[in-house]
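Report on the following structure.
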Amino acid sequence: MLENHDPDWAVRARAFSAVERLALSCEGRIPWTEIARGFSWQGEQFQFASRPVGIFKPRQMSAALSIKTVTPRVGRPIWYRDQREFIDAATGLFPYDLVSDPSHSTNESLRLAFERRAPLIYFRGIASAVYEAIWPIWVEDFRADEGRVLLAASDSAHTEVSSAQAARHPAGTNDIHERSYSLRMTKHRNHQAWFSSQVRSVYGYRCAFSNLPLGRLLVGAHIKSDEAGGPASVSNGICMSALHHAAYDSDLIGVDPDLKVHVSRNVVEADDGPLLASLQGLDGKSIRVPVERRAQPDAAFLAWRFERFRAAQI
């Protein structure tokens, strides 16, 4: 994060710390009443977001702090494209609509955040007056002519050339193949970053195996892999620590369709200190999953992955 180029950095850091506490205490489902309380810094009260507007800049800051998407009420029309769940096909980034008036002050506050590479909070509506929080995110490309911006999640924030930027600078004849490969890989990373961020959010930033709030050590892991045709949807993901992710990917632990954890015999029979003991202790327990049904692991994906785990034990 380029805090030296952002005069609002200290406030942002405080906001991220405060929203993390909110997400943990609310298990990922944050009521608007809690968001509306805001947070304090240096004896002053700040707002996280505003109910009437999607792009929000607190009066004490010079650039936007957050963006918000609401869930449309049943029977009501969808006013903004970002009220649908989709990823930009060309870049793997998340599109977010600007206010229709190009010169509107909220658009300008978001443009300033883009120019500073300043991180933001995304409050995503999941029910009436209930939100998930995803942070940090960045404005990766500001497309005023299209009335939208493209947002990058944290895993894709440090790429040297984003897919959005590279797409606007066509490669020459000598490096077209290299650039094409780079764009495909960057698109993949961007897409995976959004997938991982959303999975962490719906799990309330806690590990499904240990329930610990491990913050930056958490991963939104696929159940059915990309290579096997698994979608980048939260029902194909589980939030876990880096340790559990490594064990899951190595088929040292598995999860059956009933959410029960199985530990490989190689791990169960090993005697090599507390780290292995923490994995051994998972055998027969159930993982913690989100309350919201659409975010819970899909049984078909779990069954597919569990068969792979069982085959690896032979």
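The values are calculated or read from the model by the stated rules, or taken from the named source; none is laboratory data. Just so it is clear, the structure is predicted and the values come from calculations on it, not from any experiment. Cβ: placed from backbone, ideal geometry, glycine included. Neighbour counts: every protein chain shown. SASA here: full protein model, heavy atoms, side chains in, ligands and nucleic acids out. Shrake-Rupley method; radii C 1.70, N 1.55, O 1.52, S 1.80 Å.
List the residue pairs whose Cβ atoms are under 8 Å apart, where the first residue sits in region 188-204 and is aliphatic (A, V, I, L, M), the second is part of a helix (DSSP H, G or I) and open to solvent by 10 Å² or more (accessible area, probe 1.4 Å), and the two are 6 or more positions apart or on different chains.
A193/S154; A193/D155; V199/V234; V202/V234
Under 9 Å by Cβ, and 6 or more places apart or on different chains, what pairs join a residue from region 46-64 that is within 17 Å of A18 (Cα to Cα) and free of Cβ contacts under 8 Å to residues at least 12 places away in the same chain with one that is part of a loop (DSSP other than H, G, I, E, B) and of a type in the set (D, E, K, R)?
Close Cβ pairs (under 9 Å, with a partner that is part of a loop (DSSP other than H, G, I, E, B) and of a type in the set (D, E, K, R)) amount to Q47/R59.
If a residue has to be part of a loop (DSSP other than H, G, I, E, B) and open to solvent by 20 Å² or more (accessible area, probe 1.4 Å) to count, how many in region 100-137 make the cut?
First pass over region 100-137, keeping only residues part of a loop (DSSP other than H, G, I, E, B): 100-104, 117-119, 128-129.
Still in the list and also open to solvent by 20 Å² or more (accessible area, probe 1.4 Å): 100-104, 117, 128-129.
Total satisfying the criteria: 8.
Which residues, counting only those in region 7-45, are charged (D, E, K, R) and free of Cβ contacts under 8 Å to residues at least 24 places away in the same chain? It would help to see each step written out before you state the result.
Initially, region 7-45 is screened for residues charged (D, E, K, R), giving 8, 12, 14, 20-21, 27, 29, 34, 37, 44.
Across region 7-45, the qualifying residues are R21, E34, R37, E44.
Would you please name the residue that is nearest to N236 (Cα to Cα), looking only at residues in region 291-311 that are at pLDDT below 95 and of a type outside the set (D, E)?
From region 291-311, those at pLDDT below 95 are 291-295; that's our starting set.
If we keep only those that are of a type outside the set (D, E) as well, we get 291, 293-295.
Numbers: V291: 15, R293: 12, R294: 10, A295: 9 Å.
Among residues in region 291-311 that are at pLDDT below 95 and of a type outside the set (D, E), the one nearest to N236 (Cα to Cα) is A295.
Hey, among the residues in region 51-68 that are touching a strand residue (DSSP E or B) at 6+ places or on another chain (Cβ under 6 Å), under 13 Å from Y131 (Cβ atoms) and not β-branched (V, I, T), which one's surrounded by the fewest Cβ atoms within 10 Å (Cβ to Cβ)?
Step by step, filter region 51-68, then rank; the result is G54.
Quick one: how many residues across region 267-314 are open to solvent by 70 Å² or more (accessible area, probe 1.4 Å), over 24 Å from P213 (Cβ atoms) and in contact (Cβ under 8 Å) with a residue 40 or more places away in the chain?
3
Please enumerate the residues belonging to region 4-17 that are open to solvent by 20 Å² or more (accessible area, probe 1.4 Å), of a type outside the set (A, V, I, L, M) and touching a helix residue (DSSP H, G or I) at 6+ places or on another chain (Cβ under 8 Å).
H5, W9
Determine, yes or no, whether A246 is open to solvent by 30 Å² or more (accessible area, probe 1.4 Å), without any contact (Cβ under 8 Å) to a residue 24 or more places away in the chain and not charged (D, E, K, R).
Values: open to solvent by 30 Å² or more (accessible area, probe 1.4 Å): yes; without any contact (Cβ under 8 Å) to a residue 24 or more places away in the chain: yes; not charged (D, E, K, R): yes.
So A246 fits the description; yes.
Determine, yes or no, whether R206 is in a loop (DSSP other than H, G, I, E, B), open to solvent by 40 Å² or more (accessible area, probe 1.4 Å) and in contact with a strand residue (DSSP E or B) (Cβ under 8 Å, 6 or more places away or on another chain). Explain how you work it out, then say what you get.
On the way: in a loop (DSSP other than H, G, I, E, B): yes; open to solvent by 40 Å² or more (accessible area, probe 1.4 Å): yes; in contact with a strand residue (DSSP E or B) (Cβ under 8 Å, 6 or more places away or on another chain): yes.
In short, yes.
Within region 18-46, which residues are open to solvent by 50 Å² or more (accessible area, probe 1.4 Å) and closer than 17 Å to P136 by Cα?
Of everything in region 18-46, those that are open to solvent by 50 Å² or more (accessible area, probe 1.4 Å) and closer than 17 Å to P136 by Cα turn out to be E20, R21.
State all residues of region 139-156 that are open to solvent by 10 Å² or more (accessible area, probe 1.4 Å) and not hydroxyl-bearing (S, T, Y); if no residue qualifies, say none. Before the answer, list the steps.
Start the filter on region 139-156 by keeping residues that are open to solvent by 10 Å² or more (accessible area, probe 1.4 Å), which leaves 141-148, 154-155.
Listed by number, the residues that qualify are D141, F142, R143, A144, D145, E146, G147, R148, D155.
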